[in-house]
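Working notes, beginning with the structure itself.
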Amino acid sequence: MHNLGETRSSHQRNHLLLTRDTFVRMTLPGMKNASAIVHVGPALGAAFTEYTVEFEPQGELGPAAAERFLYV
């Protein structure tokens with residue numbers, strides 16, 4: 001059972017803890033057959049964006065306007 005509004009995630013001044021129950025999957029511009037879970041970005045005060053991508057067969061990220069680091 002999931003109680004709406006209850007989560008272990010926490011956003012504090014000096015740290016951010018994200019748990020699976022708060023992950024939102026979406027398609028970012030240029031992605032094909034893939035979805036992203038954005039973990040941190042400028043909206044939370046970061047100077048970068050960090051996200052996880054889940055690929056389906058033939059999935060693509062698309063072009064990037066900035067440098068990317070990939071962990072496989």
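The values are calculated or read from the model by the stated rules, or taken from the named source; none is laboratory data. It should be emphasised that the depicted structure is a prediction, and the values quoted were computed from it without experimental measurement. We place every Cβ from the backbone using ideal geometry, glycine too, and count neighbours over all the protein chains shown. Only protein heavy atoms, including side chains, enter the accessible area calculation; ligands, DNA and RNA are left aside. Shrake-Rupley method; radii C 1.70, N 1.55, O 1.52, S 1.80 Å.
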What are the residues in the stretch 18-36 that are among the basic types (Lys, Arg) and at pLDDT 90 or above, if any?
25, 32
Residues in the stretch 13-36 that are without any contact (Cβ under 8 Å) to a residue 12 or more places away in the chain and either among the hydroxyl-bearing types (Ser, Thr, Tyr) or open to solvent by less than 40 Å² (accessible area, probe 1.4 Å) (or both): how many?
1
Within the stretch 37-72, restricting to residues that are modelled with pLDDT of 90 or more and polar (S, T, N, Q), the one that is surrounded by the most Cβ atoms within 10 Å (Cβ to Cβ) is 52
Cβ-Cβ distance below 8 Å, separation of 6 or more or different chains: which pairs start in the stretch 39-51 with a residue that is at positive phi and end on one that is outside any loop (DSSP other than H, G, I, E, B)?
none
State whether the residues of the stretch 44-64 include one that is of a type outside the set (Ser, Thr, Tyr), in contact with a Pro (Cβ under 8 Å, 6 or more places away or on another chain) and farther than 28 Å from residue 11 by Cα.
yes
